[in-house]
Structure formats: structure tokens, C-alpha cells
Amino acid sequence: MRQRVTAGAGVTALVVLVFALNFYKLPVVALTPGPAEDVLARIKVQGNTPVYESKGKLYLTSVGIDDDVRFYEALLDLANRDVELRPRSELFPDGDSGDEVDRENVQLMDQSKTVAQVVALRELGYPVKPSGVEVGDVVRGTPADGRLEAGDRILQVDGRAVASIDQVRAAITSHRSGERVAFLVSRDDTRTSVAVRVAAADGQPRVGVELRERFEDLPVKVTIETENIGGPSAGLMFALSIIDRLTSEDLTGGRRIAGTGEISVDREVLPIGGVAEKLVAARRQGATIFLIPAGNCPDVHGRVPAGLRLVRVATLDDALRFLRQPDAPAPGC
């Protein structure tokens, strides 16, 4: 009788454990292939600027994120080569909520659209100058931490008006470590004076801010309609699509071309996350070519879908060179 009771209790405990595991949320997120969308179809140009059609497609690619991974779901995900489990802290740093990250990704998407327009219009010969500088982020533990804030628009440095990052940097680097830089910023529509001590970092005077330039009244009004997609990683495809729509030259050549990569105002293509899942998304959409940031090549070894050719790009010029000369040799990964 005692053995039967013990065995029965063991079975009950096992059933309870199995049932409980079904509700146990793991500290991971699951990355899955997201939608791939033709950017050319989403670009709208206002005014009388001529717009041209293309025979092919230029796809942005995205990643789906599941932030509610349960124990048994994780087992299935581990068996699926198209799904990648990553620590939640990588995507949600400092305990940020999903809503906070979503808001940040929307802002990053808007910024990437602006930068793409600037880069594309400059490529097409339009004079585009920054209209101002603002603080993009403040590095924790630096002199600017607690003094300057993300979103501050920098109006003056040491009493002189500034309108570009180079001007702000020149003012900061004119100081020695321990001296203070006088900023006049616009914060919440209020002008505020802020003094920040200069510290040495990598042998250079620094205050601990990341800067970004503002661009207003661009010479051509372009809008890019996107839904439920965030982050900066579509910048390259935005820029290429704008160039393609505003020139008679068809960069696609009738091909289905996908890609990813954040683009900087200096025309650099920066690496992004989730690139392996984006390759799958691109191939599912029928793309045969994928423009991949050079810095992401180590992330995709052994994970390239059959029928998809990778073209490694480090700058916008690399991408344009390949699109304009498809028969010329182009580096892969």
C-alpha cells in the first residue's frame, strides 16, 4: 500500500511539473523570418519631380520577434533551423518593456527614412545641408550623463551657433580634459544652458554623447509608407529605392533583389541583427540576390538558402556598383 501511494504521488508530481512547464516563460526571444516588402511600391514623391517605374523589385526584409517563449515552444524552436533563440536581454536591455522597445524602433525607422532620403538626394546631385544637430543618445557614466538628454537640439556651443556635427565636435575637441563646454540646447521647446565637463576617451576630448544631424525642408518631398516594421535596418534599401524611382535608370534590371543594412549619412552600410532570418524571408519572396552588410558575413555561414546569391556591401557605392554592373565580379560572403 505504501509503495502504491508513493508511486501515485510521484506520477502526480510529474504531471504537475509537465503542466507547469507549459506555462513557464523563458528569458529568451525567438527570431523568425518576417515579411519582405517591395520598397519601390511604397515610395511616394510629392510635387512635379519625375518618377520612373522599374521592372524588378527592391525588397526590405524584417524579423519577427516572439517575446513570449514557453518551455515546449522553445523545444520546437530549437528543432526549426529558421528560428533562432536569443537571450531576451540582447533585445530588451535594462529591463525595457516591449512597448518601450517598440517606440524606440519606430523612432529608429523614421530616422533611417530621413537619412536614406539625404543620402539618395545627395547621390542624385541635390544640395542637402543639415539644419541642426541633436543628441541621439547619452552614454551612461560619462560627463554628459544627467546633463544632456536624448532629443536635445544643440543650438550653440561656447556661444557660437552650430548646424552640423563637425561644428559641435570641433568645439568639444578645442577643450582640454577637465575644462567645461557650454551648450545651449532646446529641450521641450525651452532653451536651457548646460555646462559639461570634458573627459579624455581614446586620447580625444569627449563629453559622452552620440550626435545626429537634423534635416528639414529637403529639396524633394519623399514619403515611404511602412507598417508594423521598426528599426534602422531598411536604410540601404530605402536609399536605393529612392534613387531608382527618381532616375530613368532601372537599377533592378528586372530582378528581385532584397537586402538589409543601416545606412549612415556618410554612405556606410552598417551591420544589423537577425540577418539569417532575413535571408529566409527574402528567398520566400522569390528574391535571388541579397545585399548584405560586410559586417554581417560571419553571421550567415552555413545558413544561406539555396538559390540566393549574397553580395557583400560596405557602402552605398558598393551596392550601386553591383546594380549598375551586374556582370562584373562582386564579392560574396
What are the pairs with Cβ atoms under 9 angstrom where one residue, in region 136-152, is of a type in the set (Ser, Thr, Tyr) and the other, located anywhere, is assigned to a loop (DSSP other than H, G, I, E, B)? Sequence gap at least six, or different chains. Thr142/Val207; Thr142/Gly208
Quick check on region 164-173. Is at least one of its residues of a type in the set (D, E, K, R) and farther than 30 Å from Gly125 by Cα? no
Does Ala276 satisfy the condition of being farther than 26 Å from Thr49 by Cβ, buried (at least 17 other Cβ atoms within 10 Å of the Cβ), at pLDDT below 95 and under 18 Å from the mean Cα position of the chain (by Cα)? yes
Residue, farthest from Ala200 (Cα to Cα), within region 166-185, restricted to residues that are small (Gly, Ala, Ser) and in a loop (DSSP other than H, G, I, E, B): Ser174
Taking the criterion of being buried (at least 22 other Cβ atoms within 10 Å of the Cβ), among the small types (Gly, Ala, Ser), farther than 13 Å from Val119 by Cα and under 20 Å from the mean Cα position of the chain (by Cα), would at least one residue in region 240-253 satisfy it? no
Residue among Ser97, Ser89 that alone is at pLDDT below 90 and either surrounded by fewer than 13 Cβ atoms within 10 Å (Cβ to Cβ) or in the same structural domain as Arg169 (by TED's automatic domain parsing) (or both): Ser97
Inside region 307-333, the number of residues satisfying the requirement of being outside any helix (DSSP H, G or I), over 17 Å from Gly56 (Cβ atoms) and either among the acidic types (Asp, Glu) or modelled with pLDDT of 95 or more (or both) is 5
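The rows are residues; the columns are (1) surrounded by 14 or more Cβ atoms within 10 Å (Cβ to Cβ); (2) within 24 Å of the chain's Cα centre (by Cα); (3) modelled with pLDDT of 80 or more.
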residue: Glu53; (1), (2), (3): no, no, yes
residue: Gly56; (1), (2), (3): yes, no, yes
residue: Asp137; (1), (2), (3): yes, yes, yes
residue: Gly141; (1), (2), (3): no, no, yes
Residues satisfying the stated conditions in region 112-143, i.e. in contact with a strand residue (DSSP E or B) (Cβ under 7 Å, 6 or more places away or on another chain), closer than 30 Å to Val198 by Cβ and part of a helix (DSSP H, G or I): Val115
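The values are calculated or read from the model by the stated rules, or taken from the named source; none is laboratory data. Note that the structure is a prediction, hence the values are computed from the model and not measured. A quick note on method: Cβ atoms are made from the backbone with ideal geometry, for glycine too, and the neighbour counts reach across all protein chains shown.
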